[in-house]
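Before any comments, here is the structure.
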Amino acid sequence: MLNLIVCVKQVPMVTELPWDEKRGTLRRDLAAGMMNPACKHALEAALQIKESRPAHITVITMGPPAAEEVLREALAMGADRGILIGDKLFAGSDTYATSFVLAQAIKKQCPDYDLILSGCYTSDSETAQVGPQLAEELDLPAAAYIEKIDITGRTLRVRRFVDNFRETLEMEFPALVTVAMENYQPRYTTLAGLERAFKEENIVSLSASSLGISFSTMDTHGSCTKVRKVFLRKAQKENIFLKGPAAIVVNEFLKNHEDKVSSAIGKDIKKEENDNG
Amino acid sequence: MGNQKSIWVFGDYRNYFQNRVTLQLISKACDLARRIDAEVCAVVIGHVVDEYIMEYTAHGADRILAVDHEILKNYSADTYLAVMENLVRERKPEIILIGATDFGREFAPRLAKRLKTGLSADCVGLDITDEGLLLQIAPSFGGNMLAEIVTPERRPQMATVRPGTFKEIPHNYERGALVERLPLITNLPGQRVRLVEYEKSAERQHTMENSSVIVCGGRGMGNRNNFKKLHELAKLLGGDVGATRPAVYAGWADHSALVGQAGRHIKPKILFSFGISGAIQHTAGVGEAKFIVAVNKNPQAAMMKMADVAIVADAGDVLNTFIKELKKRIRE
Ligand SMILES: Cc1cc2nc3c(=O)[nH]c(=O)nc-3n(C[C@H](O)[C@H](O)[C@H](O)COP(=O)(O)OP(=O)(O)OC[C@H]3O[C@@H](n4cnc5c(N)ncnc54)[C@H](O)[C@@H]3O)c2cc1C
Ligand SMILES: Nc1ncnc2c1ncn2[C@@H]1O[C@H](COP(=O)(O)O)[C@@H](O)[C@H]1O
């Protein structure tokens with residue numbers, strides 16, 4: 001039996017996400033957070049592996065208590081077990097610290113894994129770093145942005161499209177992949193399935209102390225980066241406003257900026273003397 | 001080289017587009033190097049790399065570290081990591097900049113972890129703080145914000161930078177650099193990830209990053225048909241069409257047209273923006289546009305505030321009129 005681990009993260013819900021409309025009800029149940037879209041693709045890839053051969057899927061997340069909801073959602077989609085790592089000590093972790101903590105939990109709770117799947121990036125921090133850094137932490141062969149997985153025996157074959165190259169890569173288990181968004185469209189979670197999942201008991205909660213992690217551990221393995229401040233981006237432009245019917249504003253724009261447009265497009269758009277436009 | 005500080009740029013050259021990113025980073029590194037009195041060093045790993053040694057020299061590098069070996073012919077995270085880790089441990093650069101290409105984004109996090117140092121992703125700006133630290137400016141989650149990130153203690157300070165964020169310095173083939181050709185390390189690990197086959201694909205080949213005219217459309221285009229007309233305008237102007245995330249999700253545009261934090265970073269001479277509110281995740285990708293013309297019926301939209309010319313009107317109407325007018329005017 002294959003032992004699969006999927007790393008998922010709860011991210012703030014953004015109304016623009018298309019799956020928001022489809023799952024309006026689900027969203028309300030999940031309050032302010034949702035499963036990071038890329039993580040869902042990773043979970044879907046794991047579920048498809050499980051459909052073709054015996055497999056056990058552990059979903060793991062590090063986050064606040066509310067992050068348990070994404071584990072429940074994963075169970076509803078077909079995962080077998082959830083691990084929630086939560087501790088104040090881990091709040092504000094950068095990817096360096098996050099990958100360390102995830103690695104400790106994996107070593108402790110499911111050391112006999114064959115394949116770890118992570119999303120390619122999170123929609124809140126978008127670093128795309130946790131997957132590769134987890135591979136480094138566990139000293140695993142890894143491939144990022146994979147679009148297709150095939151397994152033969154203990155050999156993993158993946159396909160991906162990176163930097164204008166189509167690549168097929170092979171590696172032996174245990175390994176780690178980060179799953180791209182192109183493929184593995186996540187399945188629909190039914191409300192009933194979700195309700196059931198909220199009654200399940202196969203969720204393990206881990207704290208820093210249960211992982212043997214202390215303040216001093218986080219001194220060496222904690223965040224290396226520091227956020228100094230966050231600020232609004234501001235404009236330093238002339239910022240001319242034109243208002244009125246389209247025909248008028250377009251002509252006014254062209255009258256004032258035809259040189260600019262001409263030089264940018266490399267074609268002359270100046271109005272000729274006897275042009276009757 | 002004594003105690004001379006060094007800013008390293010990873011020479012990513014696998015295709016034309018990645019190579020441009022390297023040149024852009026060398027340019028920025030030169031700028032930063034002046035401020036902390038450092039040299040700029042380009043690291044070139046691969047096989048038959050003389051072309052890049054020359055190019056990086058011409059574009060501003062003071063020193064080139066080249067590891068040229070048959071085994072390094074293919075980009076491989078395993079081997080490139082080992083080579084790079086070794087160089088860094090030996091020479092202790094102050095800063096390492098890596099292009100946020102697919103390879104860079106896979107390679108840099110592992111390198112940072114191995115070196116036990118911090119890494120900020122996808123920076124849209126770099127600076128030096130009063131204390132001489134690398135200030136890494138990265139779009140921050142959710143809000144309309146940018147975050148200033150530093151790596152206070154660990155070294156090297158590392159950042160990946162989105163393609164198109166900085167401008168390359170024009171080449172100067174008269175320039176010289178100290179070129180060090182280094183032997184391959186003897187304890188190179190076996191490649192655990194085997195490249196079975198690869199093919200350079202024409203798909204996604206054309207990039208918007210170098211386009212001088214971009215026409216972007218957002219949710220305010222209202223429907224697919226209106227959005228389609230952006231292509232007509234782009235064609236007239238000889239440019240490309242970009243899209244915001246809602247437009248991509250609505251199926252009006254391909255994901256490859258997405259402009260912003262999660263998509264492309266463009267720096268056209270002129271950007272036309274139709275029906276776009278200007279959320280930071282989108283504008284993080286258009287900050288380098290020289291001249292911005294925004295059309296939005298809401299004058300308060302953030303996109304309108306960052307535009308050179310803000311046209312308060314219906315996007316579809318302006319688009320149609322503009323196309324009609326241009327057709328009359330354009331002479332090749
Ligand atoms: C982590 C993360 C990453 C993201 N990455 C990206 C990214 O890379 N790129 C991206 O684009 N988005 C990204 N987004 C989404 C982003 O936050 C915005 O939601 C998105 O850019 C808004 O797109 P929009 O301007 O088309 O739509 P809206 O914000 O809905 O704006 C539509 C605008 O059109 C105007 N309008 C409406 N009708 C008309 C009309 N008839 N004529 C003229 N104007 C009209 C409205 O006044 C409004 O200003 C990301 C979000 C998150 C959370
Ligand atoms: N707190 C977390 N808990 C579990 N997995 C995570 C966490 N943060 C990031 N990941 C995984 O790493 C991927 C990339 O995240 P990021 O590096 O933040 O863009 C995500 O899609 C997840 O699979």
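Within the set of pairs 6 or more residues apart or between chains, which connect a residue that is without any contact (Cβ under 8 Å) to a residue 60 or more places away in the chain and among the aliphatic types (A, V, I, L, M) inside the range A:62-90 to a residue that is assigned to a helix (DSSP H, G or I) and within 14 Å of ligand 2 (Cβ to nearest atom) with Cβ atoms less than 9 Å apart?
A:62/A:90; A:62/A:98; A:62/A:101; A:62/A:102; A:62/A:105
Tell me which helices (runs of 4 or more DSSP H) are completely within the range B:251-332 and hold 1 or more residues being more than 8 Å from ligand 1 (Cβ to nearest atom) and surrounded by fewer than 22 Cβ atoms within 10 Å (Cβ to Cβ), or say none if there are none.
Details: elements: B:280-283, B:302-305, B:315-329.
Of the helices (runs of 4 or more DSSP H) lying wholly inside the range B:251-332, those with at least 1 residues that are more than 8 Å from ligand 1 (Cβ to nearest atom) and surrounded by fewer than 22 Cβ atoms within 10 Å (Cβ to Cβ) span B:302-305, B:315-329.
If residue A:139 meets every condition in (1) modelled with pLDDT under 95; (2) more than 16 Å from ligand 1 (Cβ to nearest atom); (3) on the phi > 0 side of the Ramachandran plot apart from one, which number is that one?
For residue A:139, the exception is condition (1).
Condition first: more than 9 Å from chain A (Cβ to nearest Cβ) and either under 21 Å from residue A:240 (Cα atoms) or modelled with pLDDT under 90 (or both). Can you find one or more residues in the range B:319-327 that meet it? Lay out the reasoning, then the answer.
Step one: filter the range B:319-327 for residues more than 9 Å from chain A (Cβ to nearest Cβ), giving B:323, B:327.
Narrowing the set further to residues that are either under 21 Å from residue A:240 (Cα atoms) or modelled with pLDDT under 90 (or both) leaves none.
Checked the range B:319-327: no residue is more than 9 Å from chain A (Cβ to nearest Cβ) and either under 21 Å from residue A:240 (Cα atoms) or modelled with pLDDT under 90 (or both).
Is it the case that residue B:263 is within 24 Å of residue B:139 (Cα to Cα), within 16 Å of ligand 2 (Cβ to nearest atom) and not assigned by TED's automatic domain parsing to the domain that holds residue B:164?
So residue B:263 passes the test.
Just checking, how many residues over the range A:173-184 are within 16 Å of ligand 2 (Cβ to nearest atom) and more than 10 Å from chain B (Cβ to nearest Cβ)? Can you show your working first?
Taking the range A:173-184 and keeping what is within 16 Å of ligand 2 (Cβ to nearest atom), we get A:175-184.
Now narrow it down to the ones that are more than 10 Å from chain B (Cβ to nearest Cβ): A:176-177, A:179, A:183-184.
Residues meeting the conditions: 5.
Can you find a residue in the range A:227-248 that is at pLDDT below 95, in contact with a Lys or Arg (Cβ under 7 Å, 6 or more places away or on another chain) and within 9 Å of another protein chain (Cβ to nearest Cβ)?
yes
Would you pick out the residues in the range B:77-107 that are surrounded by fewer than 21 Cβ atoms within 10 Å (Cβ to Cβ) and closer than 14 Å to residue B:13 by Cα?
none
Might you check whether a residue that is modelled with pLDDT under 95, within 11 Å of another protein chain (Cβ to nearest Cβ), outside any strand (DSSP E or B) and away from ligand 2 (no atom under 16 Å from the Cβ) occurs anywhere in the range B:164-186?
Checked against the condition, which is being modelled with pLDDT under 95, within 11 Å of another protein chain (Cβ to nearest Cβ), outside any strand (DSSP E or B) and away from ligand 2 (no atom under 16 Å from the Cβ), the range B:164-186 yields no hits at all.
Can you list residue pairs whose Cβ atoms sit under 6 Å apart, with the first residue in the range B:253-271 being basic (Lys, Arg) and the second being away from ligand 2 (no atom under 16 Å from the Cβ)? Count only pairs 6 or more apart in sequence or on different chains.
If the second residue must be away from ligand 2 (no atom under 16 Å from the Cβ), the pairs left are B:264/B:208; B:264/B:285; B:267/B:164; B:267/B:288; B:269/A:264; B:269/B:212; B:269/B:290.
Just checking, how many residues over the range B:132-151 are at the interface with chain A (Cβ under 8 Å from one of its Cβ atoms), modelled with pLDDT of 90 or more and part of a loop (DSSP other than H, G, I, E, B)?
Going through the range B:132-151 one residue at a time, the tally reaches 1.
To keep it simple, each residue is scored yes or no on (1) within 16 Å of ligand 2 (Cβ to nearest atom); (2) in contact with a Gly (Cβ under 6 Å, 6 or more places away or on another chain); (3) outside the structural domain of residue B:164 (by TED's automatic domain parsing); (4) under 24 Å from residue B:225 (Cα atoms).
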| residue | (1), (2), (3), (4) |
| --- | --- |
| B:254 | no, no, yes, yes |
| B:269 | no, no, yes, no |
| B:274 | no, yes, yes, yes |
| B:280 | no, no, yes, no |
| B:283 | no, no, yes, no |
| B:294 | no, no, yes, yes |
| B:297 | no, no, yes, yes |
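Only one of (1) in the same structural domain as residue B:54 (by TED's automatic domain parsing); (2) within 15 Å of ligand 1 (Cβ to nearest atom); (3) touching a strand residue (DSSP E or B) at 6+ places or on another chain (Cβ under 6 Å) fails for residue B:165. Which number is that?
Just one mismatch for residue B:165, condition (3).
If I go through the range B:217-250 residue by residue, how many of them are more than 8 Å from ligand 1 (Cβ to nearest atom) and among the hydroxyl-bearing types (Ser, Thr, Tyr)?
Counting residues in the range B:217-250 that are more than 8 Å from ligand 1 (Cβ to nearest atom) and among the hydroxyl-bearing types (Ser, Thr, Tyr) gives 1.
For the range B:13-23: of the residues being assigned to a helix (DSSP H, G or I) and farther than 16 Å from residue B:108 by Cβ, which is nearest to the other protein chains (Cβ to nearest Cβ)?
Restricting attention to the range B:13-23, the residues satisfying the condition of being assigned to a helix (DSSP H, G or I) are B:16-23.
Those still in the list that are farther than 16 Å from residue B:108 by Cβ too: B:16-17, B:19-20, B:23.
Details: B:16: 9, B:17: 7, B:19: 11, B:20: 12, B:23: 16 Å.
Among residues in the range B:13-23 that are assigned to a helix (DSSP H, G or I) and farther than 16 Å from residue B:108 by Cβ, the one nearest to the other protein chains (Cβ to nearest Cβ) is B:17.
Given (1) within 13 Å of chain A (Cβ to nearest Cβ); (2) touching a residue at least 40 places away in the same chain (Cβ under 8 Å), identify the lone condition not met by residue B:197.
The single condition residue B:197 does not satisfy is (2).
Got a number for residues in the range A:133-154 being in contact with a strand residue (DSSP E or B) (Cβ under 6 Å, 6 or more places away or on another chain) and either within 14 Å of ligand 2 (Cβ to nearest atom) or not charged (D, E, K, R) (or both)?
Residues of the range A:133-154 that are in contact with a strand residue (DSSP E or B) (Cβ under 6 Å, 6 or more places away or on another chain), as a first pass: A:135, A:140-150, A:154.
With the extra rule that they be either within 14 Å of ligand 2 (Cβ to nearest atom) or not charged (D, E, K, R) (or both), the set shrinks to A:135, A:140-146, A:149.
Matching residues across the range A:133-154 total 9.
Starting from the range B:126-146, keep only residues that are assigned by TED's automatic domain parsing to the domain that holds residue B:94, then list their pairs with residues that are among the hydroxyl-bearing types (Ser, Thr, Tyr) and at pLDDT below 90 whose Cβ atoms are within a distance under 7 Å, requiring at least 6 positions of separation or different chains.
Listed pairs, sorted by first residue: B:141/A:125; B:146/B:140.
Might you let me know whether the range A:48-64 holds any residue that is under 21 Å from residue A:190 (Cα atoms) and at pLDDT below 95?
The answer is no, given that none of the residues of the range A:48-64 is under 21 Å from residue A:190 (Cα atoms) and at pLDDT below 95.
Can residue B:159 be described as more than 16 Å from ligand 1 (Cβ to nearest atom), under 23 Å from residue B:17 (Cβ atoms), not hydroxyl-bearing (Ser, Thr, Tyr) and not in a strand (DSSP E or B)? Steps first, answer last, please.
Values: more than 16 Å from ligand 1 (Cβ to nearest atom): yes; under 23 Å from residue B:17 (Cβ atoms): yes; not hydroxyl-bearing (Ser, Thr, Tyr): yes; not in a strand (DSSP E or B): no.
Taking the combined requirement at face value, the residue does not satisfy it.
Hey, residue B:113 hits all of (1) facing chain A (nearest Cβ under 7 Å); (2) of a type in the set (Lys, Arg); (3) in contact (Cβ under 8 Å) with a residue 24 or more places away in the chain but one; which does it fall short on?
Among (1) facing chain A (nearest Cβ under 7 Å); (2) of a type in the set (Lys, Arg); (3) in contact (Cβ under 8 Å) with a residue 24 or more places away in the chain, the lone unmet condition for residue B:113 is (3).
The values are calculated or read from the model by the stated rules, or taken from the named source; none is laboratory data. Keep in mind the model is a prediction, meaning the values are calculated, not measured. Note that each Cβ is placed from the backbone with ideal geometry, even for glycine, and that neighbours are counted across all protein chains shown.
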